[in-house]
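**Q** Got a structure here, written out as C-alpha cells. Questions coming.
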Amino acid sequence: MAAADSSKPARAATLPARTLLLALPFLSFLLLFLYVYSTTSWRPASGLPATATTTTTVATTTTVPLTPSPPSPHIRMRRSRYRSYDDYLRHQLNKTLDPRLRRVWATRDWQRKVDAFARLFAGLRDEGLLSNASRALCVGARLGQEVAALRQVGVRGALGIDLAPAPPLVARGDFHAQPFPDATFDFEFSNVFDHALYPDRFAAEVERTLRPGGVAVLHVAVHRRGDRYSANDLLDVRGLVGLFRRCDVVRVSKVDAFGLDTEVILRKKGSSRR
C-alpha cells in the first residue's frame, strides 16, 4: 500500500506540466496579438469627424504612401479616384465602419458566413493545406467571420487584420504593410484583393509574412466589376498569380463564395523547418 501511495503524487505532478504544454500554442499567439497592439504606431485619418477618430485610426509606416503598381493587362486599376493614400484609406473605412453593414455582418450574416467558411477550412485541413497547429491570418477580415470559422474547426492560432479592429478576433492592420515579422504565418486567407490599391504590395506582404512552405488561399472575382469600394478589377486570374513570384500554384478552381467566383491556392517556395 505504501508503494501505491507514493506513486500518486508523481502522477498528479505531471498534470500541470501537461496542461501547460497544451496551452503553449494559444499563449504564444496571444503574445503575438498583444505585440501587434503594443508596438505599432497609429494616427487618426485626417479630415474625419472628431467623434470618429477613436475608431477610425489607420497605420502609419515608412512604406506608405507607395509607388504605383506596374501596369498589368490583366488588372484594371481605379486609382484615379483617390487624391492621396489617406483618401483611399478613408474611402475603405467608409465601408468597414458603415453602421448598417456592421449590423448585418454581426447579426443576419454572421452564422451563415461562419458556417460557410468553416466548411471551406475543414476541407483545406483534410487536404493537408491547413492544420489545427497552423498560425493563420485572415487579411481584410472585417468583423472576423473567417477567424471565428478557423477557430471553430480547431485552428486556435487564428487572427485577422483590418483597418478598423474588432477585438478579440481582428487586430488593426493595413494589408499593404502587414504589422508582422517575416515568416510569421503558416496559412493566410483573403477575399479582399479587389480592395488593394497596390496589388503588387498586397501580394508581397502575403509572401513576406508566410513561412516557406506556407499556404495562401485567395477568393477573387474574375471578369466581374467589384463594388464602389474596389480599387481594382481582375480581368484574368493570371494577373493575380503573376504577382506571387515566390509561390507555386497549388490549384485554381471555381467557387461560389459570396459574390466571388475563383479560388487560388498558392504555396510559398522553400521547405518548412517545422
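The values are calculated or read from the model by the stated rules, or taken from the named source; none is laboratory data. Owing to the predicted nature of the structure, the values given are computational and were not obtained by experimental measurement. Virtual Cβ from ideal backbone geometry, glycine too; neighbours counted across all protein chains shown. Ligands, DNA and RNA are stripped out before the accessible areas are found, and what is left, the full protein with its side chains, is counted by its heavy atoms. Shrake-Rupley method; radii C 1.70, N 1.55, O 1.52, S 1.80 Å.
**Q** Just need a number here: residues in region 81-104 that are within 17 Å of the chain's Cα centre (by Cα) and not hydroxyl-bearing (S, T, Y). Break it down stepwise before answering.
**A** Looking only at region 81-104, we keep the residues that are within 17 Å of the chain's Cα centre (by Cα), and these are 92-93, 96.
The next check asks that each one be not hydroxyl-bearing (S, T, Y); those that pass are 92-93.
Number of matching residues: 2.
**Q** Right, something else. Any idea which residue in region 156-174 is nearest to F185 (Cα to Cα), counting only those that are part of a loop (DSSP other than H, G, I, E, B) and open to solvent by 10 Å² or more (accessible area, probe 1.4 Å)? Walk me through it before giving the result.
**A** Of all residues in region 156-174, those part of a loop (DSSP other than H, G, I, E, B) come to 156-157, 163-165, 167-169, 173.
So of that shortlist, the ones also open to solvent by 10 Å² or more (accessible area, probe 1.4 Å) come out as 156-157, 163, 165, 167-169.
Numbers: R156: 13, G157: 10, L163: 19, P165: 19, P167: 19, P168: 18, L169: 16 Å.
Filtering first and then ranking leaves G157.
**Q** Next question, about the same structure. Check whether at least one residue in region 240-248 is in contact (Cβ under 8 Å) with a residue 60 or more places away in the chain, open to solvent by 10 Å² or more (accessible area, probe 1.4 Å) and not aliphatic (A, V, I, L, M), and report yes or no.
**A** yes
**Q** For L120, indicate whether it is assigned to a helix (DSSP H, G or I) and modelled with pLDDT of 95 or more. Let's see the steps before the verdict.
**A** On the way: assigned to a helix (DSSP H, G or I): yes; modelled with pLDDT of 95 or more: yes.
Yes.
**Q** Anything in region 50-69 that is at pLDDT 60 or above and either in a strand (DSSP E or B) or open to solvent by less than 70 Å² (accessible area, probe 1.4 Å) (or both)? List them, or say none.
**A** So in region 50-69, the residues at pLDDT 60 or above come out as 67-69.
Result: S69, single match.
**Q** Hey, another quick one. I'm told D194 meets every condition in (1) farther than 20 Å from E146 by Cα; (2) open to solvent by 10 Å² or more (accessible area, probe 1.4 Å) except one. Can you identify the failing condition by its number?
**A** Among (1) farther than 20 Å from E146 by Cα; (2) open to solvent by 10 Å² or more (accessible area, probe 1.4 Å), D194 violates only (1).
**Q** If a residue has to be open to solvent by less than 30 Å² (accessible area, probe 1.4 Å), in a loop (DSSP other than H, G, I, E, B) and either in contact with a Lys or Arg (Cβ under 7 Å, 6 or more places away or on another chain) or of a type in the set (D, E) (or both) to count, how many in region 70-94 make the cut?
**A** Our first condition is that a residue be open to solvent by less than 30 Å² (accessible area, probe 1.4 Å); within region 70-94, this holds for 75, 78, 82, 85, 87-89, 92-93.
If we keep only those that are in a loop (DSSP other than H, G, I, E, B) as well, we get 78, 82.
Narrowing the set further to residues that are either in contact with a Lys or Arg (Cβ under 7 Å, 6 or more places away or on another chain) or of a type in the set (D, E) (or both) leaves none.
Final tally of qualifying residues: 0.
**Q** What are the residues in region 95-110 that are in a helix (DSSP H, G or I) and open to solvent by less than 90 Å² (accessible area, probe 1.4 Å), if any? First the steps, then the outcome.
**A** Looking only at region 95-110, we keep the residues that are in a helix (DSSP H, G or I), and these are 95-96, 99-106, 110.
Once the filter is applied, which keeps residues that are in a helix (DSSP H, G or I) and open to solvent by less than 90 Å² (accessible area, probe 1.4 Å), region 95-110 yields K95, T96, L101, R102, V104, W105, A106, W110.
**Q** Among (1) surrounded by 21 or more Cβ atoms within 10 Å (Cβ to Cβ); (2) among the basic types (K, R); (3) part of a helix (DSSP H, G or I), there is one condition R142 misses while meeting the rest; what is its number?
**A** Failed condition: (3).
**Q** Would it be correct to say that D162 is within 23 Å of F258 (Cβ to Cβ) and at pLDDT below 95? Don't jump to the end; show me each part of the working.
**A** Working: within 23 Å of F258 (Cβ to Cβ): yes; at pLDDT below 95: no.
Criteria not met by D162.
**Q** Moving to a separate point now. Is there any pair linking a residue in region 204-228 that is over 26 Å from E127 (Cβ atoms) to one that is of a type in the set (A, V, I, L, M) and surrounded by fewer than 19 Cβ atoms within 10 Å (Cβ to Cβ), with Cβ under 9 Å and at least six apart or on different chains, and which?
**A** As it stands, the answer is H223/L235, since those pairs meet every condition given.
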